[in-house]
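Laboratory data are not the source of any read-out in this text; all were calculated from the coordinates shown. Small disclaimer: the values here were computed from a predicted structure and weren't measured. A quick note on method: Cβ atoms are made from the backbone with ideal geometry, for glycine too, and the neighbour counts reach across all protein chains shown.
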Amino acid sequence: MTGCFACATRAIEIVETLRETFVGHTTSNSTLPALEDAYPLQELMGYVITRWEQDLAVAEMPITPQIGNRYGIPHGGVYCMLLDTVSGYCGTFVPNGGARRLAMTVSLSVNFIGRPSGTKMIATGRKTGGGKNMFFTELELRCDDGTLIATGQGAMRYRKGGNVAPEKTA
């Protein structure tokens, strides 16, 4: 029980450190139209959707000590989070003003291939097929120096009632 308590305490410390690190950190990208506001996890983790178009999504995240595992490299869960994010985005793009589409992950397979050696990670998701209710994706995670870190495949399901009018931002 002591070990579990220590792990939970450490997890809380990490979350607090991330909050402190990313206070004031903007997740908006001035070169992109504001297609959607950042959601809470995106703000906390500090990644940015840098490209979003039909059948394609790209997200970038700086490599910081706060996302490291015991070996000092980004935790595999961070890789999965980024790949899951672009997997959902690449199949749900709608032009500006269109009803927002939402999707949820049915299956996510990740292959851990290499160690990052740059300063940020770049996740790319491409929709490869699908139908009315589901779509499928191919995923890739690279470092900004080109090093391949991970690959993956996703199966996503469109959410029923997921076509909602975009929220107006002030």
>> Per residue of the stretch 55-65, what does 6.51 cos²θ - 1.76 cosθ + 1.60 with θ = phi - 60° give for ³J(HN,Hα)? Whole Hz please, x for Gly and Pro, Karplus curve as stated.
In response: 6, 8, 9, 10, 10, 10, 9, x, 8, 10, x
> Long-range amide H contacts for G130: which residues qualify at under 5 Å (H placed 1.01 Å from N, peptide plane, sequence gap of 5 or more or a different chain)?
Replying inline: F136
> Out of residues 5 or more away from L102 or on other chains, whose amide H comes under 5 Å of its own, with H placed 1.01 Å from N in the peptide plane?
Replying inline: R159, G162, N163
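Gain in length, L102 to T151, computed as 0.36 nm per residue apart minus the alpha-carbon separation, to one decimal in nm?
Values: separation 49, 0.36 × 49 = 17.64 nm, distance 2.29 nm.
Extending this stretch completely gives an extra 15.3 nm.
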> In terms of modelled amide H atoms, which long-range or inter-chain residues lie less than 5 Å from the amide H of A150?
Replying inline: I113, G114, L141
> Residue by residue, what Karplus-based ³J(HN,Hα) values in Hz, rounded to whole numbers, does the stretch 110-115 have, using 6.51, -1.76 and 1.60 with θ = phi - 60° and x for Gly and Pro?
Replying inline: 10, 10, 7, 10, x, 9
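Arrange the peptides 117-129, 60-72, 84-96 so that the one whose residues have, on average, the most other Cβ atoms within 10 Å appears first. Could you put the intermediate results ahead of the total?
Working: 117-129: 18.5, 60-72: 14.2, 84-96: 20.8.
Highest mean packing first, the order is 84-96, 117-129, 60-72.
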>> For the stretch 60-112, what does the convex hull of the Cα positions come to per residue, in cubic angstrom?
In response: 104 Å³
